[in-house]
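Below: one structure, written as structure tokens.
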Amino acid sequence: MQMEEKEKLGRDRIILWLVKMMHVYSSMNFTKFTELGIHPGQIPVLSMIAEHEGISLRELADTIHIKPPTVTVTVQRLEKNSLVCKKPDPADQRVARIYLTEKGEKIKQEIKGLFEENERILTTGFSEAELNQLRDYLKRMIDNMKN
């Protein structure tokens, strides 16, 4: 195989396209999220709190597979921005439960709107059959990584 062909194969690796897509996607969203007062890295934490109101820090760390100190710092920043609040667990005062504030609920809705807009942008020009096939491919890739 000639050098040109090897270089072309390298450029056509799926992993490179996935990395490039994630880079462009992150760049596209960074400004939008910072305008909302959210760092993109905080979104998984905020989303999990929204899905599981009253989750503890430990449960949050275990669920999203982030080290407890990292979750603590992220929650403190979200708390500082008035997006979440901590309340003691009535059954065990040593455990803090985390809840979205009214402002956090509003931001959650804005983020949902951004994600819907992003999906519209990403999938423009795809048929329903192609979208179903893409979903299947992505699910299979995720399953492959889990094995």
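Each residue in the range 20-64 was checked for being acidic (Asp, Glu), surrounded by fewer than 16 Cβ atoms within 10 Å (Cβ to Cβ) and without any contact (Cβ under 8 Å) to a residue 40 or more places away in the chain, and 3 of them qualify.
Scan the range 107-133 for residues that are assigned to a helix (DSSP H, G or I), modelled with pLDDT of 95 or more and surrounded by 12 or more Cβ atoms within 10 Å (Cβ to Cβ) and jot them down. The answer is LEU131, GLN133. Checked against (1) open to solvent by less than 30 Å² (accessible area, probe 1.4 Å); (2) within 19 Å of GLY37 (Cα to Cα); (3) among the acidic types (Asp, Glu), GLU102 meets all criteria but (1). Note on the range 32-70: residues that are of a type outside the set (Gly, Ala, Ser), touching a Lys or Arg at 6+ places or on another chain (Cβ under 8 Å), more than 20 Å from PRO88 (Cβ to Cβ) and in a helix (DSSP H, G or I) total 2. The requirement of being at pLDDT below 95 and among the hydroxyl-bearing types (Ser, Thr, Tyr) is satisfied by THR70. Which of the residues that make up the range 69-99 are over 25 Å from LEU36 (Cα atoms) and surrounded by 11 or more Cβ atoms within 10 Å (Cβ to Cβ)? The answer is PRO88, ASP89, VAL95, ALA96. Only residues that are under 17 Å from ARG58 (Cα atoms) and among the hydroxyl-bearing types (Ser, Thr, Tyr) were counted in the range 70-106, giving 4.
The values are calculated or read from the model by the stated rules, or taken from the named source; none is laboratory data. Not measured: the values here are computed from a predicted model. No Cβ is skipped: glycine too gets one built from the backbone with ideal geometry, and neighbour counts run over all protein chains shown. Surface areas here come from the heavy atoms of the whole protein model, side chains and all, with no ligands, DNA or RNA. Shrake-Rupley method; radii C 1.70, N 1.55, O 1.52, S 1.80 Å.
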